[in-house]
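All remarks here apply to the structure that follows.
The values are calculated or read from the model by the stated rules, or taken from the named source; none is laboratory data. Source: prediction; values computed, not measured. Heads up, the Cβs are rebuilt from the backbone with ideal geometry, glycines too, and the neighbour counts pull from every protein chain shown.
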Amino acid sequence: MITCQASVVIVSLLMALAVGGCATQQSATNDPSATAGYHSGAMGSRHDGPGGTSGMGASARPRLSDFIVHDDLRDVHFAFDSYEIRATDMRILEKSTQWLRAHPDALVVIEGHADERGTNEYNLTLGERRAKASMNYFVSHGVAASRITVMSYGEERGMCRDKTESCWAKNRRAHFRVKAN
Amino acid sequence: MRRLSLTAFLAGALALALLFPLTTPLRLAAQGVDVFLNVTGGGTRKLNIAVPEFAVVNGTDTGGVAKQLATVAGDDLTFSQLFSVVAGTGAIPPNNPEALKKAWTDFAAAGAHAGLHGLATFRADRVETEMRLYDLTTPEHRQIATKRFDMPPAQWRRLAHKIADEVVLQFTGEPGVADTKIAYVSGRTGQKEIVMADYDGNGPAPVTRNGSINLMPVWSPDARSVAYTSFLQGYPDLYRAFPFERRPAQTLAAYSGINSSPAWSPDGKTIAMTLSKDGNPEIYVLTIATGTFRRLTRHAGIDTEPTWSPTGREIAFISDRSGVPHLYVMDAEGAGVRPLTSAGRHTQPRWSPKGDVIVYTQRAGTHDIWAINADGSNPRRLTSGPGDNQGPTWAPNGRHLMFQSSRLGGWQIFSMLLDGSVQTPVTRGSVESTSPSWSPRLP
């Protein structure tokens with residue numbers, strides 16, 4: 001059978017070696033050289049480099065387990081099939097911005113989520129747009145983009161599982177986790 | 001390959017003519033590449049074929065496999081919608097021309113056009129089979145074809161599938177699709193694993209077992225590996241697994257943002273995919289041997305879900321550059337982008353292995369599967385509920401599709417013919433099954 005875990009451990013080690021420690025967190029979205037990309041070879045024993053980008057100076061993406069939920073950064077929610085920040089949610093993001101400006105060393109991961117309607121592929125891109133809409137708010141209010149990582153879970157991490165509109169509404173969200181450096 | 005001689009098999013020819021009715025029997029693909037028989041639809045007249053239990057020639061059939069070989073091969077022939085299987089009898093003994101003649105005479109009287117005589121020998125490490133195909137419309141019950149297959153005992157179902165595929169080959173010129181696998185996603189929110197099973201849903205076996213969220217499997221053209229997106233490292237990255245080998249999964253793309261929607265080029269050397277590392281979702285092509293990526297699309301909108309034409313010259317994809325996700329086509333270098341659809345909301349395009357048709361999912365409240373000719377003509381609806389129907393995948397012959405449907409409650413995988421007829425469940429149970437990918441014919 002497939003032993004993905006073993007392979008990924010090896011790949012992770014290779015990534016760590018390739019980037020020499022990954023001390024600097026970078027903007028995950030705006031820097032095309034921000035990650036290692038492609039690894040080839042049986043048993044993960046060969047590192048072909050990250051494809052179209054240079055392996056040197058690349059940074060691994062932040063380790064998500066380092067990030068925790070913080071009361072001052074609450075979720076924002078979205079209309080069906082929309083990634084527009086609603087007026088009521090602007091106030092939530094305003095408060096989050098204040099926290100981020102008060103903690104200039106803190107990093108933030110923004111997770112975009114979609115409800116279960118729509119296809120997997122579409123919801124992955126929709127979730128990313130929701131996370132980016134939130135990021136754009138932060139950046140336009142003075143938070144450095146380099147402190148922000150956006151990612152999408154698509155429809156895969158719904159917090160509410162009923163097939164009702166109120167449940168779907170809860171799942172259409174951007175969720176924030178921070179790492180205080 | 002020995003094909004049926006139509007001139008020598010008049011009744012068979014008549015039956016064949018009825019199998020390929022007025023549904024555009026022979027046409028050129030839109031891009032002028034593939035000539036093919038467009039066999040669609042249920043409701044056509046079928047060839048009646050007798051499939052008695054297989055005869056045991058040697059060895060001991062402890063598992064009752066000889067009987068099941070006939071059942072499974074008969075199910076495969078039924079699935080093809082080209083045949084109607086005439087109710088079976090006990091085995092016709094081997095090396096007994098009189099018994100064979102009597103059996104075929106009786107089957108012919110009952111309306112059978114053809115007879116499949118299966119012979120099996122059971123050894124410790126192999127099951128050997130021979131299939132003999134007869135034309136029951138001729139007085140002498142002319143033998144059309146014979147062929148031998150063998151497999152380890154645990155894989156006896158593949159023998160039945162190979163025999164059925166050979167029967168389809170003899171009557172249509174193209175093998176059937178029974179000796180194939182499906183890969184799909186099994187599980188609910190929070191933990192989803194990739195599973196593979198025979199095309200009929202039998203024998204599910206894990207492809208991933210990592211406790212993470214694994215999504216959207218796609219078989220490689222050599223049917224040896226499965227590309228998929230996994231959150232194994234926390235982010236949606238692209239991997240490929242080798243489900244028939246003791247070989248760990250390989251990372252294909254692990255960039256910032258989304259790494260998803262793998263689509264193998266027909267030659268298996270490159271994989272088109274969606275990466276959002278450069279700001280928003282764009283389509284890239286990875287050359288597997290070198291690990292180099294080439295960017296194909298440059299647009300502020302979302303460009304995603306590539307699917308190759310069988311010639312490898314064109315790629316269809318989804319873009320919301322018009323404001324709404326629609327289907328587009330470009331050449332394999334990324335030039336010549338042109339819209340294929342302009343009304344409705346579309347995702348999940350999959351180009352037919354025959355080249356003429358692209359299926360996709362349309363959302364209008366709920367989701368249903370549609371098809372459109374590759375030249376943009378004749379968009380048509382294949383499913384009409386109930387529930388949502390999405391995630392289409394082609395059989396290697398371009399005649400059948402599988403998809404996921406919520407019509408019975410939780411998601412399960414269904415099959416249908418290219419015209420949307422004969423919608424039939426493939427998976428069942430309390431665990432949801434989604435995102436089917438139908439493999440090429442197994443090597």
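Considering only region B:314-332, state which residues are of a type in the set (Asp, Glu) and within 13 Å of chain A (Cβ to nearest Cβ). Selection gives B:Asp320 alone. Of the residues contained in region B:174-187, one or more are found to be under 30 Å from A:Arg157 (Cα atoms) and at pLDDT below 95. How about region B:333-375: which of its residues are aliphatic (A, V, I, L, M) and within 14 Å of chain A (Cβ to nearest Cβ)? Correct list: B:Val359, B:Ala364, B:Ile369.
How about region B:242-267: which of its residues are polar (S, T, N, Q), more than 7 Å from chain A (Cβ to nearest Cβ) and not in a strand (DSSP E or B)? Across region B:242-267, the qualifying residue is only B:Ser265.
Looking only at region A:160-181, residues that are exposed (fewer than 11 other Cβ atoms within 10 Å of the Cβ) and within 22 Å of A:Thr125 (Cβ to Cβ) come to 0 in all.
Checked against the criterion of being within 11 Å of chain A (Cβ to nearest Cβ) and either under 18 Å from A:Arg130 (Cα atoms) or touching a residue at least 12 places away in the same chain (Cβ under 8 Å) (or both), the candidates B:Thr270, B:Thr290, B:Thr311, B:Thr274 yield just one match: B:Thr274. All of B:Gly176, B:Gly187 fail the test of being more than 7 Å from chain A (Cβ to nearest Cβ) and not in a loop (DSSP other than H, G, I, E, B), apart from B:Gly187. On inspection, B:Asp368 passes the criterion of being in the same structural domain as B:Leu327 (by TED's automatic domain parsing) and under 18 Å from B:Val324 (Cβ atoms).
Taking the numbered list (1) out of contact with any strand residue (DSSP E or B) (no Cβ under 9 Å at 6 or more places or on another chain); (2) of a type in the set (Ser, Thr, Tyr); (3) within 14 Å of chain B (Cβ to nearest Cβ) in turn, A:Thr149 passes all entries but (1). For region B:193-206, check the following and say yes or no: at least one residue is within 9 Å of chain A (Cβ to nearest Cβ), surrounded by fewer than 24 Cβ atoms within 10 Å (Cβ to Cβ), outside any loop (DSSP other than H, G, I, E, B) and touching a strand residue (DSSP E or B) at 6+ places or on another chain (Cβ under 7 Å). For region B:193-206, residues within 9 Å of chain A (Cβ to nearest Cβ), surrounded by fewer than 24 Cβ atoms within 10 Å (Cβ to Cβ), outside any loop (DSSP other than H, G, I, E, B) and touching a strand residue (DSSP E or B) at 6+ places or on another chain (Cβ under 7 Å): present. In the set A:Arg157, A:Arg130, A:Arg161, only one residue is in a loop (DSSP other than H, G, I, E, B) and under 26 Å from A:Ala60 (Cβ atoms); that residue is A:Arg157. One residue alone among A:His103, A:His141, A:His175 is under 11 Å from the mean Cα position of the chain (by Cα) and farther than 18 Å from B:Asp278 by Cα, and that residue is A:His175. Criterion applied to B:Arg338, B:Arg313 was being closer than 27 Å to B:Leu382 by Cβ, exposed (fewer than 15 other Cβ atoms within 10 Å of the Cβ) and under 24 Å from the mean Cα position of the chain (by Cα), and the one residue passing it is B:Arg313. Evaluating B:Asn378 against the criteria (1) under 18 Å from the mean Cα position of the chain (by Cα); (2) modelled with pLDDT of 95 or more leaves one unmet condition, (1).
Annotation for region B:230-243: at least one member residue is aliphatic (A, V, I, L, M), in contact (Cβ under 8 Å) with a residue 40 or more places away in the chain and either touching a Gly at 6+ places or on another chain (Cβ under 7 Å) or buried (at least 18 other Cβ atoms within 10 Å of the Cβ) (or both). With the condition kept exactly as written, say whether any residue in region B:146-167 is more than 22 Å from B:Val56 (Cβ to Cβ), away from chain A (no Cβ under 14 Å) and among the aliphatic types (A, V, I, L, M). No, region B:146-167 contains no residue that is more than 22 Å from B:Val56 (Cβ to Cβ), away from chain A (no Cβ under 14 Å) and among the aliphatic types (A, V, I, L, M). Across region A:100-127, the number of residues qualifying as part of a helix (DSSP H, G or I) and free of Cβ contacts under 8 Å to residues at least 40 places away in the same chain comes to 8. Quick one: in region B:277-287, of everything that is crowded, with 23+ Cβ neighbours inside 10 Å and hydrophobic (A, V, I, L, M, F, W, C), which residue is farthest from the other protein chains (Cβ to nearest Cβ)? The qualifying residue farthest from the other protein chains (Cβ to nearest Cβ) is B:Ile283. Taking region A:75-114 as the range and being among the aromatic types (Phe, Trp, Tyr) and touching a helix residue (DSSP H, G or I) at 6+ places or on another chain (Cβ under 7 Å) as the test, the residues that pass are A:Phe78, A:Tyr83.
Checking the stated criteria, A:Ser96 turns out to be away from every other protein chain (no Cβ under 14 Å), in contact with an Asp or Glu (Cβ under 9 Å, 6 or more places away or on another chain) and buried (at least 18 other Cβ atoms within 10 Å of the Cβ). Within region B:293-308, the set of residues being farther than 15 Å from B:Arg350 by Cβ, in contact (Cβ under 8 Å) with a residue 24 or more places away in the chain and either buried (at least 17 other Cβ atoms within 10 Å of the Cβ) or under 29 Å from the mean Cα position of the chain (by Cα) (or both) comprises B:Phe293, B:Leu296, B:Thr297, B:Asp303.
Quick one: would you say B:Pro221 is of a type outside the set (Val, Ile, Thr), surrounded by fewer than 23 Cβ atoms within 10 Å (Cβ to Cβ), under 24 Å from the mean Cα position of the chain (by Cα) and facing another protein chain (nearest Cβ under 7 Å)? Spelling it out, it is not the case that B:Pro221 is of a type outside the set (Val, Ile, Thr), surrounded by fewer than 23 Cβ atoms within 10 Å (Cβ to Cβ), under 24 Å from the mean Cα position of the chain (by Cα) and facing another protein chain (nearest Cβ under 7 Å).
A single member of A:Arg157, A:Arg147, A:Arg129 is surrounded by fewer than 19 Cβ atoms within 10 Å (Cβ to Cβ) and farther than 20 Å from B:Gly387 by Cα, and it is A:Arg157. Taken over region B:100-119, the criterion of being among the aromatic types (Phe, Trp, Tyr) and either under 12 Å from B:Glu53 (Cα atoms) or touching a Ser or Thr at 6+ places or on another chain (Cβ under 9 Å) (or both) is satisfied by B:Phe107 alone. Just one of the numbered conditions (1) more than 7 Å from chain A (Cβ to nearest Cβ); (2) crowded, with 24+ Cβ neighbours inside 10 Å; (3) under 19 Å from the mean Cα position of the chain (by Cα) is not true of B:Met216: (1). Cβ-Cβ distances below 6 Å connect the following pairs, each with a first residue in region B:377-397 that is within 14 Å of another protein chain (Cβ to nearest Cβ), a second residue that is surrounded by fewer than 18 Cβ atoms within 10 Å (Cβ to Cβ) and polar (S, T, N, Q), and a separation of six or more residues or different chains: B:Asp388/B:Thr366.
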